[in-house]
1. Just how much of B:Ser253 is accessible, in Å², when a 1.4 Å probe is used and the result is rounded to the nearest 10?
2. Place a point 7 Å from Cα of C:Lys483 in the direction of its Cβ. Which residues in region B:116-155 have their backbone N less than 11 Å from it?
3. Quick one: accessible area per residue over region A:143-208, 1.4 Å probe, rounded to a whole number of Å²?
4. Give me the accessible area of B:Ser153, 1.4 Å probe, in Å² rounded to the nearest 10.
5. Can you give me the accessible area per residue for region B:161-234, using a 1.4 Å probe, in Å²?
6. Over region C:270-403, give the accessible area per residue in Å² for a 1.4 Å probe, as an integer.
7. Report the per residue volume, in Å³, of the convex hull enclosing the C-alpha atoms of chain C.
8. Return one number: the angle in degrees, 0 to 90 and rounded to the nearest 10, between the long axis of the Cα atoms of helix C:534-546 and the longest principal axis of the Cα atoms of chain C.
Amino acid sequence: MEDKNQDSKFKPTKGLSRRSFIRGAGLSTAGSVLLTTNAFALDYREHRSAGEEFGPDAMTIKMKVNGLVKSLSVEPRTTLASALRDHLELTGTKVGCDRGSCSACTVYLDGKPVNSCMMSVFDVADKEITTIEGIAKNGELHPVQKAFIEHDASQCGYCTPGMIMSCVHVVDNSTDLNLEDVKNATRGNLCRCGTHPHVFKATLAAAKKTI
Amino acid sequence: MNKFSWYEAKSVEDALEQVNSTVSEELYQATDKAAVFKSGGIDVFDWVKEGLLKPQKIVNIRNIPDLDKISYDPKKGMSIGSNVTLAEIASNPETKNHYWALHQAVNHAATPQLRNMSTLGGNIAQRNRCWYFRSADHDCFRKGGARCFARQSETGENENHAIIDNGSCVSVHASSIATALMAFNASVVIINGKGEKKEVTMDDFFVTAGKDIAMENILQAKEIITEIILPAPTKNTKSAYIKQVARESYDWSLGDVAVVFEVSGNTCRSASIVLGAAAPVPYRSMEAQQAIENKTINSENAFAAAEAAMKIARPLAKNGYKVPLFIATLKQAILEIS
Amino acid sequence: MEEGFKEADVVVERTYRTQVQTHMPLETHGVVVDWNSDVMMIYASTQNTNAVRNEMASVFNLPKSKVRVVCDFMGGGFGAKHSAGSFGPMAANLAKKSGRPVWLMMDRKEEHHSEGNRPNSIQYLKIGAKKDGTLTGIQQRSHGTAGVALGAGVGRIAQILYPCPNFATEQYDVLTNAGPGAAWRAPGNVQGAFGLEQAIDELAEKLNVDPLSYRNQIDKSEVRKVERQRGAKLFDWSRRQPAGSDKGIVKKGLGIGQSTWPRFVTLDSSVEVKIHNDGGVEIRSGVQDIGTGTKTILAQVVAEELGLQVKDITVNIGDTFFPVGPGSGGSVVTGSITPPTRNAAFEAKNALLKLVAKEWKTDSSELFIENGQVSSKKDAGLKMPFKEATKLMQTSQISKIASRSDDYGGFQQPWGLAYGDLGSVQFAEVSVNTETGFVKVDKIVAAHSCGRPLNIGQLESQINGGVIQGVSYALYENRVMDKGTGHMMNANVDQYKVPFSMEIPEIETIIVEEYSALSSTDAYGIGEPANIATAAAIANAVYNAIGVRLYEIPITPSSILKALNKVS
């Protein structure tokens, strides 16, 4: 899973898939990334960055995502959502409103759900990111993910990654979960298809491990 | 978003040296050369994404040490660092035990995700959510323009707007937490570029639109909030907070009320009553306070106080409903104390 | 028409207003166009691969065979994503000029502004009935604006839900310089039902009969009769009190709303079923999955026909290089695409069974497949795993393509490819706070028919979604336009209010199975029927709670407090 060589991804390839193209498109909007030679490592372990100015041009930083250290070339204005989707190809994280109002972009920052669209990738620093891709462990889906499949808890699926992030968090951090708890945990997650009843059912089922 | 550089501030002094403007100044008169603070970043990035704020530099104050402490002392009260997140306040047991109205307000603010990101300093310093103010297509008073679109009687979409003090700008303050803080007579600690520290009450922190159309609070460019202090409650302090929203899950307030009473038995000895989303800044209702002080807390007196609060209301074309809404809400909040 | 009203003993004459509602799919409209090769390759977030292909071929004067539209997944459409829009040709032009693929997705504001909405409506409705309840006349006149587009009519629901000897309708489109309307889950009918179903309730009240009993009298639909019976029982309609009689600040109210939707069919519905000689089974069609679970039901139908498990079937759809599929609109997909899918699977199976029959020296009509085994009706000892059977092929695959044929009984509706009536009846329970004006929908019971249900989980999901969007329409969402400047003021997610978790009512569904034996699956869609009656049922429930009727949605604290004369 780890991207050992970031640069190799940026080489032009033939027959671009939609996904790989989107990643490339994000980069092109982020300026002349490939021309940046004066790369500075904002290393999450080794370097305290306080008292320094970065950007506005792209630079290489390191970031811990789903347990792996990744380096990527980004600008201060690059949102965490964009860094994940366009630079690291972690497209499970969705952008719905781009203003922190729909929570499709939910990831964990040091274990806490946040809106990755409303923060700069520079906000991450030495904190650890978990995305929807990091929820399954060793190829085994989380009980909430299994329950979502079992209870048909998605329609178009676009809110599903964010919804699962909210539901996994509440299941993993609660005892005796009830319907009110699940509703509270998903207060910020927009599902335009209206699939909430099955989301509630699935999450409660996962919590009770009755699936 | 426009391109900007990122300064990672190491201390309050360091941050104050880097910054040269406020978001409010820049929104009023854009120079596109501003270096502005960012903590949780929700409001700042919102403005930048809308293209209304084009900072040259963002000074990140989120990681400055010691601004993220929260402490409670039975004598001194509570100190909340400006970088403490809303989630941290929401889960703090001392807040729940001693400042119930604040606990309620914080728990009803935004979404779980945003509460994990938003800081208290940023929350009280955020700008209002008037959709004309937030629109790049509407050059309103607050942005240095020549008119208020919302107040137009034929065309203004003002259902969410102010019913009190709405003589110039008719927006309402976006922070519902500020409503509760003001009711607790909280104060804001501000440090300036010279290292001078001042403590101002919430009542003095906010600036009415009539006084300065560009600002919603007193913060100047070379100033930073370091903490918010709540006085210690007595054993007779009781509080309540209710926020009315169109959408319960999460929403901007249509009208919120914070009530902090000193009681003896079921009598209100002194009252602090603040209305949110009623005026361009959180509004302390002296009328309601006077009406309930030294009265028994019952339905009749609560209603009288609520009615007194609304005497000065001057609704716009589409927000007349806020008057009965506030009356019902304030009455209910007062009765929650009994 | 005049004769009808002359005969009437009671008349209800009202004007109803509904707001503009934007689709706000969580994924906005957009495409990636790659036009480097001979073929224009379009990756689209669309609910109609075929229409996008045809539009792009037409705009660029290309043969359809040189345009390929692919949609693996898409984040919601609700009617707005049938077209290549203006962004499609723009992206293609840029791709041509730059020689590079072009990604063009709307942002949220652009999506609200330009990518579709349900037009508003101002509906005048006059309904007359005799003392015994017999309808004598229905007159409807509506105005609505779909902005710069057409399509603001309020549908046929007032004409067909309750047969009436005298009916007249005038429906006007008012053109304005606002974003174009687009199909939105049962276009017109949702607006129309809001007016009609409230008028019927008001008529029932004037006739002094229970609104549900009155519908029993004037509604000729057999399926809705069953739905009313079962729904009323589950909902406990008998606890309904006279309007406004509930005591206390928060008042409860119960209401009912009904709707109809034709069984639409698109004949441009073709499927290829392949059995590979490695045992694999593949389905191919241009049809896309808008999120209703089309992929799943196609696999189910083929698995059932071939005696295999759903997991054994690979579904490759949403690609116009495959046989043409229907657009996901009009609730046509299930009724259009599952019959040819079964038929293609049936033909492929027969071809395979012929090979086995030859091996076993018997007749293929004696053979069948069950639990992954080819077996014989006559000789229980004969068994062959499906995978083994596929190895009997001389070539690498069996491929059969089938298309949606005309139905056995033909299409009954003279005006289109549809027949019959999918009925729905919904019951709403609301609480109204008479001091603050807040309305909460506590419960909805939704009784629906859609032929043979194929997948209960997905069916429930569709009904839940239709109901929740109906709740949203009744109480929350509204495009706020500044009339002075012509701008939409709430073109975002936080101020364009739709329900999140706390606004979701308890929803109970009733599926009435209704077989007509007019196709090889006898299954139909449910997406649209589920959305039509909700707002009407809620409005009737609100009236029942407070005793004052609201003729306009969304119903907000402001409108409730005004209705209760609490706003000076």
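The values are calculated or read from the model by the stated rules, or taken from the named source; none is laboratory data. Keep in mind that what you see is a predicted model, and the values were worked out from it rather than measured. Neighbour counts run over all protein chains shown; Cβ positions are idealised from the backbone, glycine included. Side chains included, ligands, DNA and RNA excluded: accessible areas come from the protein's heavy atoms. Shrake-Rupley method; radii C 1.70, N 1.55, O 1.52, S 1.80 Å.
1. Looks like 20 Å² after rounding.
2. Of the residues in region B:116-155, B:153-155 have backbone N under 11 Å from the label point off C:Lys483.
3. 33
4. Rounded to the nearest 10, the figure is 90 Å².
5. It amounts to 34 Å² per residue over region B:161-234.
6. Roughly 41 Å² per residue, with all protein chains present.
7. That works out to 170 Å³ per residue.
8. 30
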